[in-house]
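Following: one structure in structure tokens, then a few remarks.
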Amino acid sequence: MRDDLEIQYRELMENANSIILRMDTKGNVTYFNRFAENFFGFRQEDILGKNVIGTIVAPADLSGKDLRAMIDDLVHHPSTYMSNENENILRSGKRVWISWTNKAILDEDGRPVEVLAIGNDITKLKEAEAQILKAKEAAESANKAKSSFLANMSHELRTPLNAIIGFSELMKDGTAGPLNEKQKEYIGYVWESGKHLLSLINDILDLSKIEAGKMELELGEFDLRDLIKKSLTFVSERANKHGISLLTEIAGGVGTVRADERKVKQVVFNLLSNAMKFTPDGGKIGIEAKEDAGMVKVCVWDTGIGIEDSDKGKVFSEFEQIDSEYSRKYAGTGLGMPLSRKFIELHGGKMWFESEGKGKGTRFYFTLPFRAG
Amino acid sequence: MSGDKRTILVVEDDPLSMRLTVDLLQANGFNTLDCRDGTAALETLKASSPDMILLDINMPGMSGFEVHEKIRQDRRFDGIKVIALSASVMKEEEDRIRKAGFSDFVPKPLDTKGLVRKIKEYLGE
């Protein structure tokens, strides 16, 4: 009965689709199944009694790890190597990776006499892993190259812009002597275009920083009411000139918030100047702020030209500007809205809009946590 | 009357930026000294003592940071305000400028009126 069982086991080990071997406490091979023979290229008679080091294990792996020391440790403490991945070597010299399960075989007194090792070839998996790692490193270094390219480009573009904006500013101010009306008009265009180009460069740099996950919020406490009031003064002159009335409604609960003041200001200013851009003379623009579901909810609304359904998808797209006589008159960078939404999202808020259609005005909303970060 | 004029040393490698800053300062009643690099600036400081220094950060050879450090090591220049000018607006550089102990930082392209206002404030005018 016992013999039958042993024959069955032996059959099983011989024909298993895994490497099965045993070695003694010196690392000498005492058993080597058929699969192992085919896999490593050693016949039983070639390897039995020989040490694993120098046959199926190289003294060191390709990374330089000392495998002789590892085998020495393994035969004495198999339990710490119960599941182990290491490099092996075929008779042909080819290096392979094998995932091993090691188990101590004890004598009657419980002392380890041999190690039973069952292994599966994971070379392809390891190669794929290495390739993924390589691809990841390549992507990271490309991303780094892109960031440093953008930083350099931004610096290189700013230097000639310093001359364009600076000299036209001096001429415009009359520092270089009096100008006639046409000269004043033309130099004004040079100055405005230079400024426009500068905001484009700034916006592109900000967007690429966000995309690279490098945009950091500079969090601080400030009064949102003050920020809204100050932002209104920036557009009040233009509003007066065009007979547009500005309305403000800030609820009592809105006060100090913790957020990136500069970015929130940029968002509010962008929404207000957009409202101004698309509201005909004599219209109304308003800004409201209140507490809503634990967040501050801000709405900038106008009685302007509204947004048609077919244009609604363009609002937060980069470089998409809705064409109208108003947008042509006050061209923006085409990056203001996508950038604003990303600034708000970085804070953990949301931005969206509602418009009932052409001529019916627009309401832009954003939410901001009271304490971001 | 020209003896009452304040003198500002401009250290800048880009010729057009130099011309712009120098013309702006002169138009606003300042005397100017101009140097194209850090070595020339340190040489100039041996012979004259300006009331203020406008120092470009990105220059070939000695950077604005190195020039600033050398100026700050010399006790004779303790009273001179040094304002950093830079066309780089990366946050890392701005942080580095603030840490280095410059009196102030002005980004390029220059806001000409803003720069003049700032200089006058620092000189107590």
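Quick look at the values:
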| item | result |
| --- | --- |
| Members of the range A:131-150 that are closer than 30 Å to residue B:111 by Cβ and free of Cβ contacts under 8 Å to residues at least 12 places away in the same chain | A:148, A:149 |
| Qualifying residues in the range A:92-130 (those that are of a type in the set (Asp, Glu) and either touching a Cys at 6+ places or on another chain (Cβ under 7 Å) or assigned to a strand (DSSP E or B) (or both)) - the one modelled with the highest pLDDT | A:121 |
| Subset of the range B:80-100 that is small (Gly, Ala, Ser) and not in a loop (DSSP other than H, G, I, E, B) - its residue that is nearest to the other protein chains (Cβ to nearest Cβ) | B:86 |
| Filter pass, residue A:74 being in contact with a helix residue (DSSP H, G or I) (Cβ under 6 Å, 6 or more places away or on another chain), surrounded by 13 or more Cβ atoms within 10 Å (Cβ to Cβ), within 29 Å of residue A:10 (Cβ to Cβ) and at pLDDT 95 or above | no |
| Boolean, residue A:8 is assigned by TED's automatic domain parsing to the domain that holds residue A:115 and out of contact with any helix residue (DSSP H, G or I) (no Cβ under 7 Å at 6 or more places or on another chain) | yes |
| Any hit, the range A:121-128, residues being within 30 Å of residue A:13 (Cβ to Cβ), touching a Leu at 6+ places or on another chain (Cβ under 6 Å), away from chain B (no Cβ under 13 Å) and in contact (Cβ under 8 Å) with a residue 60 or more places away in the chain | no |
| Flag for residue A:278 being aromatic (Phe, Trp, Tyr), assigned by TED's automatic domain parsing to the domain that holds residue A:362 and surrounded by fewer than 18 Cβ atoms within 10 Å (Cβ to Cβ) | no |
| Of the criteria (1) exposed (fewer than 15 other Cβ atoms within 10 Å of the Cβ); (2) aliphatic (A, V, I, L, M); (3) within 14 Å of another protein chain (Cβ to nearest Cβ), which one residue A:132 fails | (3) |
| Selection from the range B:14-26 of residues that are assigned to a helix (DSSP H, G or I) and either within 9 Å of chain A (Cβ to nearest Cβ) or buried (at least 18 other Cβ atoms within 10 Å of the Cβ) (or both) | B:16, B:17, B:18, B:19, B:20, B:21, B:22, B:23, B:24, B:25 |
| Among the candidates A:32, A:42, residue that is in contact with a Ser or Thr (Cβ under 9 Å, 6 or more places away or on another chain) and at negative phi | A:42 |
| Enumeration of residues in the range A:327-349 that are surrounded by fewer than 16 Cβ atoms within 10 Å (Cβ to Cβ), modelled with pLDDT under 80 and not in a loop (DSSP other than H, G, I, E, B) | A:328, A:329 |
| Some residue of the range A:140-159 being under 15 Å from residue A:212 (Cα atoms), hydroxyl-bearing (Ser, Thr, Tyr), more than 10 Å from chain B (Cβ to nearest Cβ) and surrounded by fewer than 18 Cβ atoms within 10 Å (Cβ to Cβ) | yes |
| Hits in the range B:107-125 - residues which are of a type in the set (A, V, I, L, M) and either within 11 Å of another protein chain (Cβ to nearest Cβ) or touching a Cys at 6+ places or on another chain (Cβ under 8 Å) (or both) | B:110, B:115, B:116 |
| Residue within the range B:29-40 that is outside any loop (DSSP other than H, G, I, E, B), of a type in the set (S, T, N, Q) and free of Cβ contacts under 8 Å to residues at least 12 places away in the same chain present | no |
| Only listed residue being surrounded by fewer than 17 Cβ atoms within 10 Å (Cβ to Cβ), modelled with pLDDT of 85 or more, farther than 26 Å from residue A:163 by Cα and not polar (S, T, N, Q), chosen from A:221, A:185 | A:221 |
| Of residues in the range B:1-13 being buried (at least 19 other Cβ atoms within 10 Å of the Cβ) and within 14 Å of another protein chain (Cβ to nearest Cβ), the one farthest from residue B:118 (Cα to Cα) | B:12 |
| Number of positions in the range A:350-359 that are at pLDDT 95 or above, assigned to a loop (DSSP other than H, G, I, E, B) and crowded, with 17+ Cβ neighbours inside 10 Å | 0 |
| Test: residue A:163 is farther than 30 Å from residue A:88 by Cα, outside the structural domain of residue A:17 (by TED's automatic domain parsing) and at pLDDT below 90 | no |
| Cross-chain or 6+ apart pairs with Cβ under 6 Å, the range A:346-357 first and over 17 Å from residue A:264 (Cβ atoms), then of a type in the set (Gly, Ala, Ser) and modelled with pLDDT under 95 | A:355/A:306; A:357/A:306 |
| Residue list for the range B:27-62, filter: within 14 Å of chain A (Cβ to nearest Cβ) and of a type outside the set (D, E, K, R) | B:27, B:28, B:29, B:30, B:54, B:57, B:58, B:59, B:60 |
| Matching residues, the range A:1-36, being surrounded by 18 or more Cβ atoms within 10 Å (Cβ to Cβ) and part of a helix (DSSP H, G or I) | A:13, A:35, A:36 |
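Per-residue answers, yes or no, for (1) in contact with a helix residue (DSSP H, G or I) (Cβ under 6 Å, 6 or more places away or on another chain); (2) polar (S, T, N, Q); (3) part of a helix (DSSP H, G or I); (4) at the interface with chain B (Cβ under 8 Å from one of its Cβ atoms):
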{"residue": "A:162", "(1), (2), (3), (4)": "yes, yes, yes, yes"}
{"residue": "A:174", "(1), (2), (3), (4)": "no, no, no, no"}
{"residue": "A:183", "(1), (2), (3), (4)": "no, yes, yes, no"}
{"residue": "A:190", "(1), (2), (3), (4)": "yes, no, yes, no"}
{"residue": "A:199", "(1), (2), (3), (4)": "no, yes, yes, no"}
{"residue": "A:203", "(1), (2), (3), (4)": "yes, no, yes, no"}
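The values are calculated or read from the model by the stated rules, or taken from the named source; none is laboratory data. Bear in mind that the values here come from a model prediction, so they are computed numbers and not experimental data. Cβ atoms come from the backbone with ideal geometry, glycine included; neighbour counts cover every protein chain shown.
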